[in-house]
Amino acid sequence: MIKFYLRLIFISLLFGFSGCKKETGIIKQTIADWQFRQSGDSVWLPAEVPGCVHIDLLKNEIIEDPYYGNNETKLQWIEKENWEYKALFEADDNLLKHIKTELIFEGLDTYADVYLNDSLILKADNMFREWAIECRKFLKTGENELLIKFISPVYNDSVKASMLPYKLPDERAFTRKAPYQYGWDWGPRFVTSGIWKPVYIRAWDDARIADVQVVQNKFQPDTAFLTANFEIESVQKQGCKLQIFDSDSESPIAELSASLFQGLNIIPFEFIIASPNLWWPNGMGDQYLYTLEFRIKTATSVDSIREKIGLRTVELVQEKDSVGESFFFRVNGIPVFMKGANYIPQDNFPSRVTDERYENVIQSVVDANMNMLRVWGGGIYENDIFYDLCDQKGLLVWQDFMFACNMYPGDTGFIENVKEETVQKVKRLRNHPCLALWCGNNEIDEGWHNWGWQKALGYSLADSTEIWLNYLKIFEELLPKTLKSYSPYIPYIPSSPRIGWGHEEASNEGDMHYWGVWWGEEPFGIYEEKVGRFMSEYGFQGFPDIKTLDSCLGQEDLILSSNALLNHQKHPKGMELIQTYMEREYKVPESFEDYAYVSQLVQAYGIRKAIEAHRRAMPVCMGTLYWQLNDCWQVISWSSTDYYHRWKALHYFVRDAYSDLLVSFESEKEIVKVFIVSDRLTNTQVEFDLKIMDFEGKIFWESNTNIEVQSSSSKAFANIDVRNVPMSNHFMIGKLLQSDSVLAMNCYYFVPPKDLRLPAIEIKKEIEAVEEGYLIRLTSDKLAKNVFLCCDADGFFSDNYFDLIPGETKRITFHTKRPKAEDLKSLKLTYLNYVKSKTNKNKIKEMKSEQIGNNL
């Protein structure tokens, strides 16, 4: 029974704190030493928990690396089999004496029958749910056996699909499991089974805090008014005191006396924080976090939990205007242009993702000047560390529920399963200041109305009606109703996008997924025309780093026609489309390494064009989230960082395009408009330097003025007539300067890269050992286009794929943890000036890879 206390019984501010009573003694005993086998086998093998069957088979050398070459195709038998996991553990009298003894399964993937000492205690059917099972009566003193029998997800999918009179677009819809593990157009198909999160026993007496929701009621300049909704489980009717402490200073904040009933109690506890410090998104201010400790004291025990909270307001503003309807976020009362990307799981086997990998990917987001990530609905609800890092770094999170590109059943069992999943995930995430939006699904509304499922799958009117009503049941009823109860202060939208990109009104309201480039094969220039109110998806593919391909392919497979390489390109027309767009914009190289390099330039060239168009359109457009940030394996994909978090050209381009100050160019016939975009909260006085020069550094035209850039603005500061400019060997460069520091810089070329008459050049270089690794200085008296640095050593180049301006010195730091004299002996410089292409062979010199080492 749950009791809701509608008023406070007693509140007093505490000015001191007496010694604690004896702690409750909540025991958490991890279940370890797992074994696994294929059902029907007699031999048990060592297993790793958390993990999955694919990883356990790999560690036991039964299968080869699933990601290598074509191994994926050889391992599809695993998903069709049933698997068993077991563990033996001890239960002593101290454990068994507790009133409450529960087995906690934080994640079972997915259909699992759980036996404790031969008694069936659980039938699990949802990868995303946590399961808590009262197990005291099944335990015995001494050795106990926990056995979990996993049933093939694809078998269950097919059984459930056969029970419907119609087909859903994909059978994976029947199972509450990470959709991407069934394969996507950037990911492999590995339909896993196993124990993917920790398993432990939780034993306790008296009372415990199950959850605390912190609600921010009202802000005044000197006071924040909050409510802590304590969720307390008590074994008996009793009195208690609730306390809130500032853990950072160990200062008491408030105390409340209350009465508990047996069972689950919800007790609201109002408190204040004086002189509050606000939490701000990245680039707008500090990410101040309060560490609060919430305690319950009964006559015999104390229990406590800690939460980090950030004080901020977030609103999704959707209001009618002269264009259509706005779609923007307002944080702490200030409209914010969102700059970010779509995030997918970092591995097809998510238990392999370490804390270090989370830290690396989030830091790469911060370094690229982003302030928002969209957690895409075909993956997983991420681990706590992901949201903790977003809190710390000021990254707002657009959180999809895990539904994507499919229609879903609406039977009672499925709906109840989804409801419990939703309650658990909302309660886990709702206190994070990074959380900005709940979104019901990815592209299902668009799919239903634009992708032709009804015709392709032969739906009758009755079929269509039932399927759509099932959609409404989940995304227009269940999810918003649940959120109203558990997270009413975070905005919700039922689907992303609101309208498909093929409809004119998609540009005027809601968020937009624009796939005219890539899927529609439209030219990159269309990005400057198709600008919506909030661009939540758009993208283009590029190869990963060659070292990344080396990790999953043999040297014989580093050719474009290799079956093993093509297995790491999951889009059915991916290679064809990369080639098509490359031919439009660049000269197509002959060698494989050159092709990979230029493919990254094509990707970066197109997406930067989109980002700049979106930012120039502020405030009509108020957000841009490209597809996609990262990869789940080594693959040719839309990502800006690859599986090993190596930055592709796109990520370097994004970092510059997302800078708080941006110089951007827009061409209208013979006129080039030069925009300056600012995301700063205050006006900025700058020196605006604009030049047109040839590739040998000779100035054709120049202008230098002092200007004031308004806060949160986009404005054209110059209109340059370029009719008399020799287009193929000249370019425009714009800089914003302040006290000789370059705040922003961008270059504009009048023709596509393939039509540039790039000169033969020689780059001078100097290398110096520094604390971070190595400082590299590069100079050239002529333009070097898209200079790419690489070497065999592990490390990170502070800049890459840049244009080396004639007569200027470019400084790049190679960050490496343990510099060695031989680190940069393998350093290569690659640039477009020396690409050997498949056409115009006599006019293009052979690519030049310069070995650097003698200057060390």
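The values are calculated or read from the model by the stated rules, or taken from the named source; none is laboratory data. Treat the numbers as computed from the prediction; the structure is a model and nothing was measured. Positions of Cβ are generated from backbone atoms using ideal geometry, with glycine treated the same way; all protein chains shown enter the neighbour counts. These accessible areas exclude ligands, DNA and RNA; they are computed on the full protein's heavy atoms, side chains included. Shrake-Rupley method; radii C 1.70, N 1.55, O 1.52, S 1.80 Å.
Report yes if E72 is in a loop (DSSP other than H, G, I, E, B) and either modelled with pLDDT of 95 or more or within 18 Å of S152 (Cα to Cα) (or both), otherwise no.
Taking the combined requirement at face value, the residue does not satisfy it.
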Worksheet entry | Selection count, the range 85-100, where residues are open to solvent by 20 Å² or more (accessible area, probe 1.4 Å) and out of contact with any Asp or Glu (no Cβ under 8 Å at 6 or more places or on another chain) | 5
Fill in: When residues of the range 807-846 are limited to those that are buried (at least 20 other Cβ atoms within 10 Å of the Cβ) and part of a loop (DSSP other than H, G, I, E, B), the one modelled with the lowest pLDDT
V835
Response to the item:
When R608 is run through (1) in contact (Cβ under 8 Å) with a residue 60 or more places away in the chain; (2) touching a Leu at 6+ places or on another chain (Cβ under 9 Å), the failure sits at (1)
Practice prompt. Kindly provide the set of residues from the range 712-727 that are among the polar types (S, T, N, Q) and surrounded by 13 or more Cβ atoms within 10 Å (Cβ to Cβ), ordered by number.
Written response: S712, S713, S714
Discussion item. Filter the range 421-433 down to the residues that are open to solvent by 10 Å² or more (accessible area, probe 1.4 Å) and either free of Cβ contacts under 8 Å to residues at least 12 places away in the same chain or not in a helix (DSSP H, G or I) (or both) and list them by number.
Written reply: R430, N431, H432
Fill in: Selection count where residues are in a loop (DSSP other than H, G, I, E, B) and surrounded by fewer than 17 Cβ atoms within 10 Å (Cβ to Cβ), scope the range 206-225
2
Worksheet item: With (1) in a strand (DSSP E or B); (2) surrounded by 17 or more Cβ atoms within 10 Å (Cβ to Cβ); (3) among the hydrophobic types (A, V, I, L, M, F, W, C); (4) free of Cβ contacts under 8 Å to residues at least 60 places away in the same chain as the list, and A793 as the residue in question, which single condition is left unmet?
Response: (1)
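To keep it simple, each residue is scored yes or no on (1) surrounded by 21 or more Cβ atoms within 10 Å (Cβ to Cβ); (2) over 22 Å from V375 (Cβ atoms).
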{"position": "T412", "(1), (2)": "no, yes"}
{"position": "L435", "(1), (2)": "yes, no"}
{"position": "N441", "(1), (2)": "yes, no"}
{"position": "E446", "(1), (2)": "yes, no"}
{"position": "W451", "(1), (2)": "no, yes"}
{"position": "A462", "(1), (2)": "no, yes"}
{"position": "I467", "(1), (2)": "yes, yes"}
{"position": "F475", "(1), (2)": "yes, no"}
{"position": "K484", "(1), (2)": "no, no"}
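Considering only the range 395-410, how many residues are hydroxyl-bearing (S, T, Y) and surrounded by fewer than 21 Cβ atoms within 10 Å (Cβ to Cβ)?
Count: 0.
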Practice prompt. Mind counting the residues in the range 98-148 that are of a type in the set (F, W, Y) and assigned to a strand (DSSP E or B)?
Written response: 4
Worksheet item: Under 8 Å by Cβ, and 6 or more places apart or on different chains, what pairs join a residue from the range 644-655 that is in contact (Cβ under 8 Å) with a residue 60 or more places away in the chain and of a type in the set (G, A, S) with one that is part of a helix (DSSP H, G or I) and open to solvent by less than 40 Å² (accessible area, probe 1.4 Å)?
Response: A649/Q600; A649/L601; A649/Q603; A649/A604
Practice prompt. Filter the range 697-711 down to the residues that are within 19 Å of R616 (Cβ to Cβ) and part of a loop (DSSP other than H, G, I, E, B), then identify the one that is least open to solvent (accessible area, probe 1.4 Å).
Written response: S711
Practice prompt. Please specify each residue of the range 226-241 satisfying the condition of being more than 37 Å from the chain's Cα centre (by Cα), open to solvent by less than 20 Å² (accessible area, probe 1.4 Å) and not hydroxyl-bearing (S, T, Y).
Written response: C240
Response to the item:
Within the range 768-782, residues being crowded, with 18+ Cβ neighbours inside 10 Å and under 18 Å from Y831 (Cβ atoms) number 4
Worksheet item: Could you list, in sequence order, the residues of the range 292-303 that are more than 18 Å from D384 (Cβ to Cβ) and assigned to a strand (DSSP E or B)?
Response: R295, I296, K297, V302, D303
Worksheet item: Does L164 count as in a loop (DSSP other than H, G, I, E, B) and either open to solvent by less than 50 Å² (accessible area, probe 1.4 Å) or closer than 23 Å to Q454 by Cα (or both)?
Response: yes
Discussion item. When you scan the range 743-750, do you find a residue that is among the small types (G, A, S) and either assigned to a helix (DSSP H, G or I) or closer than 30 Å to R680 by Cα (or both), even just one?
Written reply: yes
Discussion item. D248 - would you say it is of a type outside the set (A, V, I, L, M), more than 32 Å from the chain's Cα centre (by Cα) and over 19 Å from I296 (Cβ atoms)?
Written reply: no
Worksheet item: Taking the range 338-382 as the search range and keeping residues that are part of a loop (DSSP other than H, G, I, E, B), of a type in the set (A, V, I, L, M, F, W, C) and open to solvent by less than 10 Å² (accessible area, probe 1.4 Å), which one is nearest to S714 (Cα to Cα)?
Response: M370
Discussion item. Looking at the range 615-651 only, could you name the residues that are open to solvent by 10 Å² or more (accessible area, probe 1.4 Å) and either modelled with pLDDT under 95 or among the hydroxyl-bearing types (S, T, Y) (or both)?
Written reply: Y643, Y644
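Considering only the range 311-337, state which residues are more than 17 Å from W398 (Cβ to Cβ), of a type outside the set (D, E) and in a loop (DSSP other than H, G, I, E, B).
S322, V323, G324, N332, G333
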Item to complete: Check whether at least one residue in the range 401-414 is free of Cβ contacts under 8 Å to residues at least 40 places away in the same chain and in a helix (DSSP H, G or I), and report yes or no.
Response: yes
Worksheet entry | Restricting the range 510-558 to residues that are closer than 18 Å to G623 by Cβ and part of a helix (DSSP H, G or I), the residue that is most open to solvent (accessible area, probe 1.4 Å) | E528
Discussion item. Going residue by residue through the range 101-118, is there one that turns out to be in contact with an Asp or Glu (Cβ under 6 Å, 6 or more places away or on another chain), of a type in the set (D, E), open to solvent by less than 20 Å² (accessible area, probe 1.4 Å) and farther than 30 Å from E556 by Cα?
Written reply: yes
Worksheet item: Any residue at all in the range 723-740 that is part of a loop (DSSP other than H, G, I, E, B) and either under 19 Å from W647 (Cα atoms) or touching a residue at least 60 places away in the same chain (Cβ under 8 Å) (or both)?
Response: no
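Looking at the range 679-690, can you tell me whether even one residue there is out of contact with any strand residue (DSSP E or B) (no Cβ under 9 Å at 6 or more places or on another chain), modelled with pLDDT under 95, in a loop (DSSP other than H, G, I, E, B) and farther than 22 Å from F814 by Cα?
Within the range 679-690 (the criterion being out of contact with any strand residue (DSSP E or B) (no Cβ under 9 Å at 6 or more places or on another chain), modelled with pLDDT under 95, in a loop (DSSP other than H, G, I, E, B) and farther than 22 Å from F814 by Cα), the answer is no, since none of the residues qualifies.
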Worksheet item: Do the conditions hold for D694, that is, is it touching a Pro at 6+ places or on another chain (Cβ under 8 Å), among the acidic types (D, E) and surrounded by 18 or more Cβ atoms within 10 Å (Cβ to Cβ)?
Response: yes
